[in-house]
Every structure is written in structure tokens, then in C-alpha cells.
Amino acid sequence: MSAPAKVQAMEALIDAHARELHLPSIRDRFRPLAQEAMRDQQTPLAYLAALLEAEVTERAERRERRRLIDARFPLTKRLEDFRFEENPKIPQATVAALAQGSWIDDRESVILLGDSGARHIWRSPSVCSPANKNAASGSPPSRPWRTSCKQPSPGASSAA
């Protein structure tokens, strides 16, 4: 059996085993990661670690998406999707500064003021979601149930 035929046979075997073990990320990524490992002269352990890390990361992302779907939250809205030019009363620099989450580290409250309606649907999840991700990766606030979101008063200077 020639070398390319052996490689193809091993790839087919890895694909079949990954399918049987329900490891879709490994099945999809073992070839490119193997080529990268050979190019970078990585050890077999480094290759295996990269492959398993890809699987764990993708599973965590799928788990998070599935939980959000199961929770039946309203449509996720992101600051990147918000059209500030269509909402001139909303200060983009202030919202961007709030999204950084420094107000959490400073243990400040943030309260959104104004008419009820669609603007609040955009503001609070959009400003709080990045802050919640920052808190999940670092140290969460000491009293997360008391953390809220607010828009600074019109006279306040923006931090951005």
C-alpha cells in the first residue's frame, strides 16, 4: 500500500470513529489541524490538545446556543447591529462606553431613562450582554442582582 493510500485509509478511519463517537469538530478539523501541526513541527500532544480544544469550544458554543433557544428569550440584539444614524437622540459614544463594562468594576449602577418601548429593548441587553460576558470571564460583581443599566444624564460627559 502506498503512502498516500495509507494516509487516506487513516483519514477515513478517523472520520468514521469521530462520527461514531459524535465528535463533529474533530471530524471537521483533524485534517487542517494535522497540516498545521506538520507545518509548525508541533508534537503529537500539541496537535491532540488543539484538536480537543476545538471540540470543547464548539460544544460549549452549541450548548450556549441551545440553552438560549430553550429559554425562549426574545430576539438577541447586539450593539453592532444598532443603527445610531436612525436614532440621533441616542449617544453612540456613551453607549459604547457603557458596553465596555467599567461601571461594573467601579460598582456603579446604570439606569436607562426615557419612554418605554423599543429603545429600551435595544439598550439594556446590548449594554448588559458585553458586560455580562466580561463578568463571566473575570470576576463578577459582588452583588450581581443589584447591577442594573442606566443611561447617564444628558449633562454628563461621555467616557469614550
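Quick note: the coordinates plus some simple rules give every number you see, no bench work behind them. Keep in mind that this is a model prediction, so the values were computed, not measured. Positions of Cβ are generated from backbone atoms using ideal geometry, with glycine treated the same way; all protein chains shown enter the neighbour counts.
Per-residue 3J(HN,Hα) values for region 25-30, derived from phi via the Karplus relation 6.51 cos²θ - 1.76 cosθ + 1.60 with θ = phi - 60°, read 5, 5, 4, 7, 10, 5 Hz in sequence order (x marks Gly and Pro). Note on Asp105/Ala12: beta-carbon distance plugged into 1/(1 + (r/R0)^6) with R0 of 45 Å gives a FRET efficiency of 0.30. Calculated FRET efficiency, Thr43 to Glu64, Cβ-Cβ distance, R0 = 35 Å: about 0.65 to the nearest 0.05. Go through region 1-77 and name the trypsin sites (Lys or Arg not before Pro) that are in a DSSP coil and have 10 or fewer other Cβ atoms within 10 Å of their Cβ. Passing both the DSSP loop test and the Cβ count: Arg72.
Sorted into 5 angstrom bins from 0, the C-alpha pair distances of region 3-71 split as 3, 16, 20, 23, 17, 9, 6, 4, 2, 0, 0 percent.
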